Amino acid sequence: MALFNLADAADRLPHAWKSAILARSGDCNIKILKMDRQPYPDETHDYNEALIVVSGMLRLSVAGKTIEVKAGDMYVAQAGVPHAVLEGSHGVLMIVDPVEDGC
């Protein structure tokens with residue numbers, strides 16, 4: 001099994017908010033991305049998506065509520081529910097989502 005330093009993996013990414021797949025586990029992608037305090041528009045998936053903050057903080061807007069996900073916390077964005085990233089989100093985010101209809 002490979003060993004990953006998540007902060008280093010995120011630092012090597014050329015752009016914020018563009019995830020890279022680090023590994024796969026079963027039918028799930030394990031992705032990493034860096035957040036740069038800029039907002040990211042609403043998105044909706046047909047699957048649950050785990051958002052794990054490695055460092056910093058993720059600020060989400062979900063159903064009119066602001067949710068702050070801090071380092072060490074995980075938020076599961078439910079299938080079919082729009083979620084947007086609010087300004088000020090920063091640090092390193094890990095995402096776990098299905099490869100294709102898996103996970």
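Taking only the range 48-57 into account, find how many residues are among the hydroxyl-bearing types (Ser, Thr, Tyr) and either surrounded by fewer than 15 Cβ atoms within 10 Å (Cβ to Cβ) or touching an Asp or Glu at 6+ places or on another chain (Cβ under 6 Å) (or both). Number satisfying all stated conditions: 0.
Can you report the number of residues in the range 2-16 which are open to solvent by 90 Å² or more (accessible area, probe 1.4 Å) and either in a helix (DSSP H, G or I) or among the β-branched types (Val, Ile, Thr) (or both)? Residues meeting the conditions: 1. Scan the range 76-84 and tell me whether some residue there is within 13 Å of the chain's Cα centre (by Cα), closer than 19 Å to Ala10 by Cβ and of a type outside the set (Ser, Thr, Tyr). Checked the range 76-84: no residue is within 13 Å of the chain's Cα centre (by Cα), closer than 19 Å to Ala10 by Cβ and of a type outside the set (Ser, Thr, Tyr).
Note on the range 17-41: among residues that are farther than 15 Å from Leu51 by Cβ and small (Gly, Ala, Ser), the one that is surrounded by the most Cβ atoms within 10 Å (Cβ to Cβ) is Ala20. Within the range 86-101, being modelled with pLDDT under 95 and outside any strand (DSSP E or B) holds for Val99, Glu100, Asp101.
Can you tell me which residue in the range 58-75 is surrounded by the most Cβ atoms within 10 Å (Cβ to Cβ), limited to those that are of a type in the set (A, V, I, L, M, F, W, C) and more than 15 Å from Trp17 (Cα to Cα)? Step through it out loud before you land on a result.
Within the range 58-75, the first condition is being of a type in the set (A, V, I, L, M, F, W, C), and the residues that meet it are 58, 60, 62-63, 67, 69, 71, 74.
Then drop every residue that is not more than 15 Å from Trp17 (Cα to Cα), which leaves 62-63, 67, 69, 71, 74.
Numbers: Val62: 15, Ala63: 9, Ile67: 16, Val69: 18, Ala71: 13, Met74: 11.
Per the criteria, the residue is Val69.
Inside the range 91-101, residues that are open to solvent by 20 Å² or more (accessible area, probe 1.4 Å) and touching an Asp or Glu at 6+ places or on another chain (Cβ under 7 Å) make up a count of 1.
The values are calculated or read from the model by the stated rules, or taken from the named source; none is laboratory data. Treat the numbers as computed from the prediction; the structure is a model and nothing was measured. Note: ideal-geometry Cβ built from the backbone for every residue, glycine included; neighbour counts use all protein chains shown. With ligands, DNA and RNA removed, areas are computed over all heavy atoms of the protein, side chains included. Shrake-Rupley method; radii C 1.70, N 1.55, O 1.52, S 1.80 Å.
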